[in-house]
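Down below is the structure, laid out as structure tokens.
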Amino acid sequence: MATTENLTEQIFKPQFDYPETSTLINRIDNSNGSSISALDGEVDSRWYRIINPILWHWRGLPKLEAEAVLSKIAASTRRHTNDTRLDTVVGYQSGNWVYEFLNQAAVWQAKAESIDEANLIDENKNNLHDYYLIASIYASIASYPHFKNDQLAMYAQTCAYQYYAKALQFSPFLIKELEFKVDNRSVKTILHLPKCEGTCPVVLICNALGNLQIDYYRYFSEFLAPHGFAMLTVDLPTVGYSRNFALSQNSSQIHQAILKKLSSVPWIDDHRIVVAGFRFGSHIATRLAYLMPNKIKGVFNFTPFIHQIFVDKDLQKNLPNSYKDMLASRLGLPSISNQQLAAELNYFSLKNQGLLTHACHVPVMNIIFEDDKLSDLCEAKLIHSIKQNKVITVPKTQLQKSLHQALTQSVNWMKSVI
């Protein structure tokens with residue numbers, strides 16, 4: 001993998017021979033909808049991507065600065081592939097989504113590199129950590145929605161991981177990169193360890209569809225670490241370090257293989273594992289609850305996707321085009337119709353797979369958000385445990401406060417089951 005410096009030289013120059021992200025999936029029927037939750041972001045007809053400034057700010061971006069990046073994109077007069085979509089500027093140049101967010105990442109990289117690492121004091125260590133972390137968040141957003149065949153996004157993704165690795169060098173926590181063999185292929189994961197003596201319980205993260213494994217640092221540093229939990233992050237199939245794996249209805253393939261091998265990791269207690277699924281990641285987490293109950297102490301699902309979105313054709317049809325494209329990209333489908341997408345997603349329903357016909361043997365906690373069209377109380381109640389079933393509904397108002405409360409409750413629940 002190229003160094004960050006070489007990547008910077010390579011990609012922070014205007015280039016015009018790259019396909020634009022919104023053109024990478026051939027959508028046979030164009031039915032752009034708005035069925036989405038505030039958790040996923042704002043669906044705005046002027047943007048191809050789903051914009052999520054509230055969550056970006058929660059993850060650590062300066063709010064006004066991120067909005068300024070969006071303003072640069074919106075103000076661009078360069079050629080667009082779709083004149084009705086602001087984020088469809090052709091080529092790697094001013095106004096292009098990847099270009100603008102990567103350039104903002106480079107601003108924070110430069111701030112970090114201006115600090116003399118040879119003469120570090122604690123304040124500068126903290127600044128290096130924060131600056132590189134912000135750079136990684138900007139680069140991750142530049143890559144979104146992380147299409148495997150999007151060359152510019154892959155450049156941005158590589159930068160995001162390298163900035164993150166630099167940030168972790170100055171983290172107050174111990175970080176380990178672990179590689180696991182899954183079907184004779186290597187998968188790189190990141191183990192985040194709290195300050196504790198001896199081994200500690202670990203939370204295995206199952207990502208949301210639009211996230212990289214490096215997007216969960218705040219959950220670890222602010223919620224898990226203070227309570228002595230380690231966090232192990234793994235990319236979804238087709239994304240990031242798992243990009244060489246296909247996403248199928250057996251979505252938990254990688255995580256199952258990793259769970260079997262956690263006994264060989266010396267820093268964690270493999271008898272105290274909790275699995276946390278976020279949005280689509282709950283599909284993986286719930287499968288693990290049913291298929292590997294002897295390996296885990298509990299499953300926490302943050303707004304679960306286990307049945308309805310996979311079988312409700314009207315709900316699917318009313319998803320934003322970018323979300324449907326993201327599903328198609330993860331499924332390895334370069335061309336997609338609503339009918340074909342419905343047929344493919346039907347296999348993902350855990351109810352149709354027969355898993356939900358009986359109770360699982362580990363405690364389950366589900367958090368749902370008020371008026372979330374993609375994950376409601378009926379969805380949460382489909383998952384039944386013989387030990388404990390806990391469902392919490394969080395109000396949609398004051399999203400950041402609600403998010404904080406929900407994640408706090410998740411950790412308190414995890415402490416009760418390990």
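The values are calculated or read from the model by the stated rules, or taken from the named source; none is laboratory data. Everything quoted here is computed from the prediction, not taken from an experiment. Note: ideal-geometry Cβ built from the backbone for every residue, glycine included; neighbour counts use all protein chains shown. Only protein heavy atoms, including side chains, enter the accessible area calculation; ligands, DNA and RNA are left aside. Shrake-Rupley method; radii C 1.70, N 1.55, O 1.52, S 1.80 Å.
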Seminar exercise, completed: For residue 94 and residue 165, extending 7 Å from Cα along the Cα-Cβ vector and measuring point to point gives, in nm, a value of 3.4
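What order do 286, 357, 23 take when sorted by accessible area (1.4 Å probe), most exposed first? Mind showing how you got there, number by number?
Numbers: 286 0, 357 115, 23 75 Å².
In descending accessible area the options line up as 357, 23, 286.
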Exercise. Where does each of 378, 360 land when they are ordered by accessible area, with a 1.4 Å probe and the largest first?
Worked result: 378, 360
Problem set entry | Percent of C-alpha pairs per 10 Å bin, the stretch 327-418, short to long | 14, 32, 32, 20, 2
Exercise. Can you pull the accessible area of residue 185 for me, 1.4 Å probe, Å² to the nearest 10?
Worked result: 90
Exercise. Roughly how large, in nm² to one decimal, is the mean projection of the convex hull of the alpha-carbon atoms in the chain?
Worked result: 19.3
For this session: Please give the net charge around residue 400, taking every other residue with its beta carbon less than 14 angstrom from that of residue 400, where Lys and Arg add +1 and Asp and Glu add -1.
Result: +4
For this session: Under 18 Å Cα to Cα from residue 313, which lysines show up? Leave out anything in the same chain fewer than 8 places away.
Result: 324, 351, 373
Seminar exercise, completed: SASA check, residue 418, accessible area w/ 1.4 Å probe, all protein chains in place, rounded to nearest 10 Å², comes out at 60
Seminar exercise, completed: Taking placed amide H atoms and a strict 5 Å upper bound, the residues 5 or more places from residue 47 or on another chain that come that close are 86
Problem set entry | Entries in 188/415; 176/261; 72/401; 195/390 that, when Cα-Cα distance is taken, lie over 21 Å | 188/415; 72/401; 195/390
For this session: Report the accessible area of residue 335, computed with a 1.4 Å probe over the heavy atoms of all protein chains in place, in Å² rounded to the nearest 10.
Result: 40
Problem set entry | Residue-normalised accessible area of the stretch 184-311, expressed per residue, 1.4 Å probe, Å² | 28
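Which value, in debye to the nearest 20, describes the size of the charge dipole of the stretch 57-113 about its Cα centre when Lys and Arg Cβ atoms bear +1, Asp and Glu Cβ atoms bear -1, and nothing else is charged?
Here the size comes out at about 40 debye.
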For this session: Give, as ranges by residue number, the residues of the stretch 180-217 whose backbone N falls under 12 Å from the point 7 Å along Cα→Cβ of residue 122.
Result: none
Seminar exercise, completed: Accessible-area order for 219, 18, largest to smallest, probe 1.4 angstrom, reads 18, 219
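Whenever you get a sec, compute what percent of the accessible area on the chain sits on carbon and sulfur atoms (1.4 Å probe).
About 48 percent, which is the carbon plus sulfur part of the accessible surface.
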For this session: Rounded to the nearest 0.05, what FRET efficiency do residue 78 and residue 32 give with R0 = 35 Å and r taken as the Cβ-Cβ distance? Could you check?
Result: 0.95
Problem set entry | Alpha-carbon gyration tensor eigenvalues x 5, square-rooted, for the stretch 137-230, Å | 25, 16, 12
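For every other residue with a beta carbon closer than 10 angstrom to the beta carbon of residue 53, add +1 if it is Lys or Arg and -1 if Asp or Glu, then tell me the sum. Each step should come with its number before you reach the end.
Numbers: positive: 63; negative: 42, 67.
Its environment carries a net charge of -1.
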Problem set entry | Set of aspartates and glutamates with alpha-carbon distance to residue 297 below 19 Å, sequence-local pairs under 8 removed | 269, 270
